[in-house]
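Shown next, in structure tokens, is the structure this report addresses.
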Amino acid sequence: MTLHLVKLCVGADSAESLQAWIDFRVEQARLAGTEEVTTHTTRMVPTRKDELLDGGSLYWVIKGKIQARQHLLDIRPFTDEAGIKRCDLVLEPRLILTQYRPRRPFQGWRYLKVDEAPGDIRLAGEAVAMPDAMRRDLTELCLL
């Protein structure tokens, strides 16, 4: 059974700025000749790895709302230089925009059941290029 993770995205103002950061990191890896994967390092290692890797995603909370997700490709536990156990969440480098869902602040990550996850936004035509602020306003007015 599929399971997801949800995590606060610190430092990004929008899904677009998060995608720009991901693209920058992938390009840095390409230029350095290293593995071109997108990872997010976290201290806690998920114990429900099989469920997460069965089609799960990492949902990003940006500015108090779930706004986007990335498919989870792998979970790689490791021990850092200080002897602290951590793990890399290996993610698909492409963000998928989701319907906005308010989320209060929390530390770390949380499991997110499939039936609690917001749906993907399926935009067509010119609406794909809609600015984040406009999409947010239209969502709050229940027009999107």
Response to the item:
A careful count of residues in the stretch 1-37 that are open to solvent by less than 100 Å² (accessible area, probe 1.4 Å), within 29 Å of Thr47 (Cβ to Cβ) and within 12 Å of the chain's Cα centre (by Cα) gives 10
Item to complete: Find all pairs meeting these conditions: Cβ atoms under 8 angstrom apart; at least six residues apart or on different chains; first residue within the stretch 46-57 and more than 11 Å from His71 (Cβ to Cβ); second residue assigned to a loop (DSSP other than H, G, I, E, B) and β-branched (Val, Ile, Thr).
Response: Glu51/Thr2; Asp54/Thr2
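Hey, can you tell me all the residues within the stretch 52-63 that are modelled with pLDDT of 95 or more and either open to solvent by less than 50 Å² (accessible area, probe 1.4 Å) or not acidic (Asp, Glu) (or both)? Please lay out each step first, then the result.
Of the stretch 52-63, the ones modelled with pLDDT of 95 or more are 52-62.
Passing the criteria: Leu52, Leu53, Gly55, Gly56, Ser57, Leu58, Tyr59, Trp60, Val61, Ile62.
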Worksheet item: If we keep just the residues of the stretch 76-91 that are open to solvent by 10 Å² or more (accessible area, probe 1.4 Å) and part of a strand (DSSP E or B), which is nearest to Ala12 (Cα to Cα)?
Response: Asp88
Practice prompt. Name every residue in the stretch 92-114 that is open to solvent by less than 30 Å² (accessible area, probe 1.4 Å), touching a helix residue (DSSP H, G or I) at 6+ places or on another chain (Cβ under 8 Å) and assigned to a strand (DSSP E or B), in order of residue number.
Written response: Tyr100
Worksheet item: Can you name every residue in the stretch 100-144 that is modelled with pLDDT of 75 or more and acidic (Asp, Glu)?
Response: Asp115, Glu116, Asp120, Asp137
Item to complete: Would you mind telling me which numbered condition in (1) outside any loop (DSSP other than H, G, I, E, B); (2) closer than 20 Å to Thr98 by Cα; (3) open to solvent by 60 Å² or more (accessible area, probe 1.4 Å); (4) not polar (S, T, N, Q) His40 fails?
Response: (3)
Discussion item. Checking Leu73 against (1) in a strand (DSSP E or B); (2) in contact with a Ser or Thr (Cβ under 6 Å, 6 or more places away or on another chain); (3) under 21 Å from Arg30 (Cα atoms): exactly one of these is not met. Which one?
Written reply: (2)
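The values are calculated or read from the model by the stated rules, or taken from the named source; none is laboratory data. Computed from a predicted structure; not experimentally measured. Note: ideal-geometry Cβ built from the backbone for every residue, glycine included; neighbour counts use all protein chains shown. Each accessible area value is taken on the protein alone, full model and side chains, heavy atoms only, with ligands, DNA and RNA left out. Shrake-Rupley method; radii C 1.70, N 1.55, O 1.52, S 1.80 Å.
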